[in-house]
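The values are calculated or read from the model by the stated rules, or taken from the named source; none is laboratory data. The shown structure was predicted, so the numbers you read here are calculated from the model rather than taken from an experiment. Note that we place each Cβ from the backbone using ideal geometry, even for glycine, and neighbour counts take in every protein chain shown.
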Amino acid sequence: MKLKSLLLMAFTASTIYASTIQVENAYARATPPSLPNSAAFMSVINNTDKDISIVSATSDASKVAELHTHDMKDGIMKMYQVPKIDIKANSSVTLKPGGFHVMLIGLKNKPLKEKMNVEINLKFSNGQIVKVFAPVKKVMAGMKMGNHGMMKKKEAMSCGAGKCGSK
Ligand SMILES: [Cu+2]
């Protein structure tokens, strides 16, 4: 009984918070069996009048979740970890293939298939933690992002983009 009311309190607290930060259209990239990592994308809306940042992420789907972005350098798209993702007051940021993403490193259940769900907790600079449910989807453009940093797995990447297995 006591546990129940505690849970209820926690739930109520997060419900109040939920109006200040919204996460929409979350999804995680489907992977071929050989690929140890995936990525999650979403829109994050900051309804507060203060600038905030996503400072870290965790996921039930992978051992580690990192905040990443992409950048063109010498004509090559590079992926690297960022300490935070800023969202201006009353503004939003979109995590998408080729840009910011939550990198899921060391998938616990491989491969990630459509109809699966990935749970991600986003931690914000104001102390809020937002739980996100990201359905697994095939992402064509995700192929590009996989190629750097993991050059060796080029073939596997094409699979992830749905081009593999066709006769
Ligand atoms: Cu990444």
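Some values worked out for this structure:
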| quantity | calculated |
| --- | --- |
| Single residue of region 98-119 satisfying the filter (within 16 Å of the ligand (Cβ to nearest atom) and not hydrophobic (A, V, I, L, M, F, W, C)) that is surrounded by the most Cβ atoms within 10 Å (Cβ to Cβ) | His101 |
| Any hit, region 99-107, residues being under 16 Å from Thr20 (Cβ atoms) and in contact (Cβ under 8 Å) with a residue 12 or more places away in the chain | no |
| Within region 75-97, considering residues that are among the aliphatic types (A, V, I, L, M) and surrounded by fewer than 18 Cβ atoms within 10 Å (Cβ to Cβ), the one farthest from Ala39 (Cα to Cα) | Ala89 |
| Region 31-58, residues that are within 15 Å of the ligand (Cβ to nearest atom) and either within 15 Å of Val130 (Cα to Cα) or loosely packed, with under 13 Cβ neighbours inside 10 Å (or both) | Ala40, Phe41, Met42, Ile54, Ser56, Ala57 |
| Residue within region 120-141 that is within 13 Å of the ligand (Cβ to nearest atom), surrounded by 14 or more Cβ atoms within 10 Å (Cβ to Cβ) and modelled with pLDDT under 90 present | yes |
| Residue match in region 70-78 (condition: at pLDDT 95 or above and either in a strand (DSSP E or B) or not charged (D, E, K, R) (or both)) | no |
| Enumeration of residues in region 59-96 that are in contact with a helix residue (DSSP H, G or I) (Cβ under 7 Å, 6 or more places away or on another chain) and more than 10 Å from the ligand (Cβ to nearest atom) | Met77 |
| Test for Lys63: is it of a type in the set (D, E, K, R), modelled with pLDDT of 95 or more, farther than 18 Å from Val130 by Cβ and loosely packed, with under 15 Cβ neighbours inside 10 Å | yes |
| Matching residues, region 1-38, being assigned to a helix (DSSP H, G or I) and either modelled with pLDDT of 90 or more or under 30 Å from Lys138 (Cβ atoms) (or both) | Ala18 |
